[in-house]
Amino acid sequence: MREDGIFKWMVFQKSDEFRLCFCLRPVDLRCMNILLLGSGGREHALAWKLRQSPLCKELLIAPGNPGTAQCGVNLDFAATDFEAVRATCIEKNIGLLVIGPEEPLVKGLVDFLRGVPGLQALPIIGPAKEAAQLEGSKAYAKAFMERHNIPTAGYREFTRDNLEEGLAYVRNHALPVVLKADGLAAGKGVLICQSNEEAERELRAMIGDGKFGAASARVVVEEFLDGIELSVFVLTDGKDYVLLPEAKDYKRIGEGDTGLNTGGMGAVSPVPFADAAFMEQVRTRIIEPTVRGFEAEALDYKGFVFFGLIKVGDKPLVIEYNCRLGDPETEVVLPRIEGDLAAALLATAQGRLSEINLNSDPRAAATIMAVSGGYPGDYAKGFAISGLQMTPTTGADSLLFQAGTVEMEGQTVTAGGRVLCVTALGETMGAAVEKARERMEGIGFEGMYYRRDIGYEFENPHPLTPSP
Ligand code: AMP
Ligand code: GLY
């Protein structure tokens, strides 16, 4: 970027300084190379959106997938390879680093890069290690919510030191009772126990026998909340925030929300029950106290906050914080964001989010995830995927995001449980789901499975509620 800028400066200086100011600043001087970390459907959606920005010169993705390779250049290192991230930021003159998954954040990638000469001021999307504990430690998140009076389920925490007290506590707890491994446990660390005996047994297994390794050395025991869940996202620079479209994901493998939990089988946005009155409560009782909490505690938080919420009666409560975007929520949230995401992320990372306004597309979006046969249990990989090209009937309002895929001998083949997803936009949620399903029918691989009922509980076709 700087080279182009200097070149044009020399050319224009002789001819037209006025033009220099107007042409050079927005077009060239702020044009930057972007490094995106991660490899899932979320990162394909981020890559697709970032690529559309006039600010994006070169887009690099590490490690990416065959889908992200259509938007930029994949680099062959893991998102947790701090040294490779450092070297790439320097060698490629990165102007914006976007950290997709939580693991590098919780492990302290931001703090590491801040200590590297030349990278102290690198614009980064993702919180520093301390703030990332909001996702990395359930106990940290609960204590933060308590300090800032943010509504959440009542809780106690236990370790080996007070295990006996914990066992007595769950023995007398109202049912169901929720046990949460404190640390990251690949989405498996939450148990909802239907009997006190089960809760005692599981608490002992988690703390005493390391059921989830070090992640369950500390366990949060909390009351069960009965309600409907949704995911709310904001971009924050630690002082201001911008609300993004909300979404609802479908975690169970089976239609009608039955069977085992998965990483997410689909999502819809907007969420019909998140009406204006509800979202106002979300803003005033949850989002604003959270952002004020960041400010009051001087937490270095520049990035996405994902509020895992539950609506109990007409009240929102926080089930969890995540310090990243959700997957597959991102695949419906980003297609509904109008405007330049790279500009918004740069402003966020530079602490000038107050300059940014992002509008949302009033249409509904639905995404359906295709998974490998057997997932979330054991499954085979390496099957060729057909139908990845756009079919003429689907038009520009359906998008395909790849997740667990790799390129092998010129073929895109399955490489994970969640393989790919199709997002469609429509005037109604029903129309969006229908379009996504139609598009999915043109895709195939051995053992492929997807839920045909995404958005089922919202009438089909559902009239849209206005978006915030
Ligand atoms: P978490 O990892 O905290 O998001 O928990 C995973 C899932 O467990 C959530 O999406 C909820 O479906 C469920 N869950 C967690 N905490 C509670 C709770 N206190 N009451 C009811 N369900 C919960
Ligand atoms: N879809 C939930 C998550 O990304 O954690």
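The values are calculated or read from the model by the stated rules, or taken from the named source; none is laboratory data. From a predicted model like this one, the values you see are computed outputs, not experimental measurements. Backbone-built Cβ (ideal geometry, glycine too); neighbour counts: all protein chains shown. These accessible areas exclude ligands, DNA and RNA; they are computed on the full protein's heavy atoms, side chains included. Shrake-Rupley method; radii C 1.70, N 1.55, O 1.52, S 1.80 Å.
At-a-glance table
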item: Within the stretch 398-416, considering residues that are small (Gly, Ala, Ser) and closer than 29 Å to ALA431 by Cβ, the one surrounded by the most Cβ atoms within 10 Å (Cβ to Cβ); result: ALA403
item: Flag for ALA247 being open to solvent by 30 Å² or more (accessible area, probe 1.4 Å) and either away from ligand 2 (no atom under 12 Å from the Cβ) or closer than 22 Å to THR367 by Cβ (or both); result: no
item: Matching residues, the stretch 276-313, being among the β-branched types (Val, Ile, Thr) and either open to solvent by 10 Å² or more (accessible area, probe 1.4 Å) or over 20 Å from GLY100 (Cα atoms) (or both); result: VAL282, THR284, ILE286, ILE287, THR290, VAL291, ILE310, VAL312
item: Some residue of the stretch 86-93 being at positive phi, at pLDDT 95 or above, of a type outside the set (A, V, I, L, M) and not in a helix (DSSP H, G or I); result: yes
item: Entirely in the stretch 180-278, the strands (runs of 3 or more DSSP E) that have 3 or more residues that are in contact (Cβ under 8 Å) with a residue 24 or more places away in the chain; result: 219-223, 228-236, 241-243, 266-269
item: Pick from the stretch 148-158, criterion in a loop (DSSP other than H, G, I, E, B) and open to solvent by 30 Å² or more (accessible area, probe 1.4 Å), ranking: farthest from LEU317 (Cα to Cα); result: HIS148
item: Complete set of residues in the stretch 443-463 that are at pLDDT below 90 and surrounded by 15 or more Cβ atoms within 10 Å (Cβ to Cβ); result: GLU457, PHE458, PRO461, HIS462
item: Selection count where residues are open to solvent by 40 Å² or more (accessible area, probe 1.4 Å), within 16 Å of ligand 2 (Cβ to nearest atom) and over 17 Å from the mean Cα position of the chain (by Cα), scope the stretch 250-275; result: 4
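Conditions (1) within 16 Å of ligand 1 (Cβ to nearest atom); (2) hydroxyl-bearing (Ser, Thr, Tyr); (3) buried (at least 17 other Cβ atoms within 10 Å of the Cβ); (4) over 23 Å from LYS251 (Cβ atoms), marked per residue:
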{"site": "ILE124", "(1), (2), (3), (4)": "no, no, yes, yes"}
{"site": "ALA128", "(1), (2), (3), (4)": "no, no, yes, yes"}
{"site": "LEU134", "(1), (2), (3), (4)": "yes, no, yes, no"}
{"site": "LEU163", "(1), (2), (3), (4)": "no, no, no, yes"}
